Structures are given as structure tokens and as C-alpha cells.
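Read the figures in this text as sums done on the coordinates, not as results from a lab. Since this is a predicted model, take the numbers as computed values, not measurements. So basically every Cβ, Gly included, is an ideal-geometry build from the backbone, and we count neighbours across all protein chains shown.
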Ligand SMILES: [Zn+2]
């Protein structure tokens, strides 16, 4: 095994006006991801929370959107007849249909629930079980129609800081014949790792993380939940699905385990006064060295005088930042998981 947890300790010395101009040292850590070798900058200070944002006016003003129950079957697009003859896919309370504004070959939306707005502690496992089931059915049917589409993401952008203009909880399901940058980095690096070591990166990583017990949260079914050594976003939690590369082969129990992990993470975010997040499931078919993977990150919460969390570091230096030490996040979030 050649998994290395490399880091640089940086330190900034200054005379602080908050401490009578005494000299203080502020540490920063730069960590290198053991797989992709990408650098992340972990900042050890944070701005104080402004408490919970009152969403009541925003939710009331935007009610009756295209995803609300009175409109969703009237005003949203339908799939091609060759893919879904009845036009849309409904499982439980979740409804899936093509995205009117797609960004690739196959773009769909899954409306998760009839409720127009939910706080992060109101998302239930059932909501995600139904939503993910619709997303998977969309992928299975689309791949039967267009087998070249091997690269899929199931993602959620929640609220404006997460990049969503629509409050109503929904997933994005996007499939292409070419990978995204992130998929290609994960694929190339895990394939090179297997060639060098003769083992599977994800199995090796889980074994090490379990042994270290500093970032490993728990196992739910055959899904391993852990905090990344070198996160690419705030409060990043990952799930690695043993035995699968593509989401199309997971069973009901595995979908339920994924749902539980997502909901547990959101409950922690809620307690920390966060309200916006993104997640992505990276699903790739036909790659022996790849393992199905999910990442959830929080975004700077919607609040008065909202502060965008992508600065010149992220957009122009391609260096991602996190504002909590991963090991500390793991200790804090463990009790929220079953
Ligand atoms: Zn709505």
C-alpha cells in the first residue's frame, strides 16, 4: 500500500489588536489528497455563526413553483417515449422528468417531495430513498436507450448558496459519454494506484481509515462513511459504496444506507446553523478499479450580508479550502450517524 497522508504546516505571526498587540501565531494546514494529490487548505479560524435564517417569507413568496404538486405533472417536461413511455417516473412522493435547461447529453430533475421548502433537519431517509430510486431508474432506462452514457452524477444543489434558484428540494441527474474533470481525476488516479500496487485504492483507504479511527465515521450496510483527509469543501463527508462502480447495480438496502448517511449529515449541518449544501454521487460503469463514491459539503449559509465561500483561492488558484480540521469534524458528526 502506498497511501500517504502528507501535509504542510504553515504559520502566520502577527501582533493582534484583539490581544493588546501581543504577538500571536495563526496556523494553516495544507494537505495533499492521497489519491488525486490535489492540495486543500485547512483554515483554523471561522467567522461566528449568525444563528438560524428565517426562511418563512422566502418560502411563502416562492410557493406554487413548477415543482409544487399542483404544477409538477402539468408544467414539467416529459422523457422521450423510447425512454419512459408514460413521460415521467414516480416512486413514492418523488417525481423524475427531463431538465428543461440541461447541461449535457442527458439531464433530469427529481423533485424529492411535495413540500416546497424543508429545513435540513426535516429531510428524512424515506425522502432520499424515493428520490434516489427515481434517479437510478432514470439512469437504468437512459443507459438501455443510450449505452455509451457511462458517466453519471446524482447531485443536489440546495438553496441559493448551493447554486439552486428553486427552493423546492430536488436532485439533478446528469449523464454523458465523457467524464467530468473530477470523475477523470478519480478514475485515472485509482487506476494508476491499482497498476502500481496490485490492490484496490478504495479498499486500502477504508482499511487504513478504519484502523486510524480518526476520520472514519461508521459503516451503514456496505457503505463506509468517513471525513476526507484533504477535503475539497466545507464539512465534507464521504460515502464509499463497497462492491459497486455504478449506481445502477445497487439494491434497495444500499439505497437506504445512502439515504441514512445523507440525512445524518444534514442533521449535523442543521445543528451547526448551516442551511445550504451540495452533494454528488460519482457513478461510472465498466471500470474495475473504481468504486462508487458520494461527497456532501456544506456551503456558507444563506444569511443577511451573505458571504460567497469561493474566493480567489478556489476560483483562480484551484486550491480548495475547508474551515474545520477533518478529525474534529469526524468527532463532532459521529453521534449523528446510526
Ligand atoms: Zn415548490
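With each pseudo-label sitting 7 Å past Cα toward Cβ, what's the residue 93-residue 166 distance in nm, one decimal?
1.7 nm
Starting at 0 and stepping by 5 Å, how many percent of the alpha carbon pairs of segment 1-117 end up in each bin?
2, 8, 11, 11, 8, 7, 8, 11, 12, 9, 7, 4, 2, 1, 0
Can you compute the helix-only [θ] at 222 nm over the chain? Use -39500 (n - 2.57) per DSSP H run of at least 4 residues, normalise by all residues, nearest 500 deg cm²/dmol. Please list the in-between numbers first.
Values: 8 runs with 96 residues, N = 338.
So the helix-based figure for the chain works out to -9000 deg cm²/dmol.
Averaged across orientations, what area in nm² does the convex hull of the alpha carbons in segment 227-294 project?
Result: 5.1 nm².
Test of understanding: extend the Cα→C-beta vector of residue 16 to 7 Å, then name every residue of segment 29-64 with backbone N under 17 Å from that spot.
Residues 29, 43-49 qualify, since their backbone N sits under 17 Å from the label point.
Give me D for the chain in µm² s⁻¹, whole number, from Stokes-Einstein with Rh from the Kirkwood sum over alpha-carbon pairs, 37 °C and 0.692 mPa s.
Answer, rounded: 156 µm²/s.
Stretched out fully, how many nm does the piece from residue 71 to residue 203 gain, at 0.36 nm a residue minus the Cα gap?
So the chain would gain 43.0 nm between residue 71 and residue 203.
Taking only C-alpha pairs under 8 Å that are 6+ residues apart, what is the relative contact order of the chain in percent?
Across the chain, relative contact order equals 19 percent.
Determine the equivalent ellipsoid of segment 65-130 by diagonalising the alpha-carbon gyration tensor, then write out the semi-axes as square roots of 5 times the eigenvalues, largest first, rounded to whole Å.
With the √(5λ) rule applied to segment 65-130, the semi-axes are 22, 13, 12 Å.
Based on the Cα coordinates of segment 1-57, what is the per residue volume of their convex hull in Å³? Write out the running numbers ahead of the final one.
Numbers: hull volume 9.2 nm³, N = 57.
In segment 1-57, the Cα convex hull volume per residue is 161 Å³.
Tell me, what is the percent relative contact order of segment 187-338, built from C-alpha pairs under 8 Å that lie six or more residues apart?
30 percent
Can you give me the convex hull volume of the Cα atoms of segment 155-203, divided per residue and expressed in Å³?
Here the figure is 115 Å³ per residue.
How would you order 3-13, 319-329 from highest to lowest mean count of nearby Cβ atoms within 10 Å?
The densest-packed peptide leads the list: 319-329, 3-13.
Can you pull the percent of Cα pairs in segment 95-178 with separation above 20 Å?
Roughly 31 percent, rounded to a whole number.
With every atom except the alpha carbons ignored, what do you get for Rg and Dmax of segment 278-323, in angstroms?
15.2, 47
Highest GNM mean-square fluctuation, the chain, Cα pairs closer than 10 Å: which of 232, 223, 91?
The residue that fluctuates most here is 91.
Multiply the residue gap between residue 5 and residue 318 by 0.36 nm, knock off their C-alpha separation, and tell me the result in nm, one decimal place.
Details: separation 313, 0.36 × 313 = 112.68 nm, distance 2.00 nm.
Here the answer is 110.7 nm.
In percent, how large is the relative contact order of segment 132-199, given Cα pairs closer than 8 Å and 6 or more residues apart?
28 percent
Under a plain spin-label model, where a point goes 7 Å from the Cα along Cα-to-Cβ, how far apart in nm are residue 306 and residue 43?
Placing both labels 7 Å beyond Cα along the Cβ direction yields 1.8 nm.
Hey, what's the Cα Rg ratio for segment 162-246 versus the globular rule of thumb, 2.2 N^0.38 Å?
Rg over 2.2 N^0.38 Å, computed on Cα atoms: 1.29.
GNM, the chain, Cα, under 10 Å: largest mean-square fluctuation among 130, 82, 209?
Answer for the Gaussian network model of the chain: 82.
In a GNM of the chain with a 10 Å cut-off on Cα contacts, which of 95, 30, 134 has the highest mean-square fluctuation?
Of 95, 30, 134, the Gaussian network model singles out 30 as fluctuating most.
Given labels modelled 7 Å from the Cα in the Cβ direction, how far is it in nm from residue 50 to residue 249?
4.7 nm
What span do the alpha-carbon atoms of segment 231-338 cover on each of the three principal axes, reported in whole Å from largest to smallest?
Here the spans come out as 44, 34, 25 Å, largest first.
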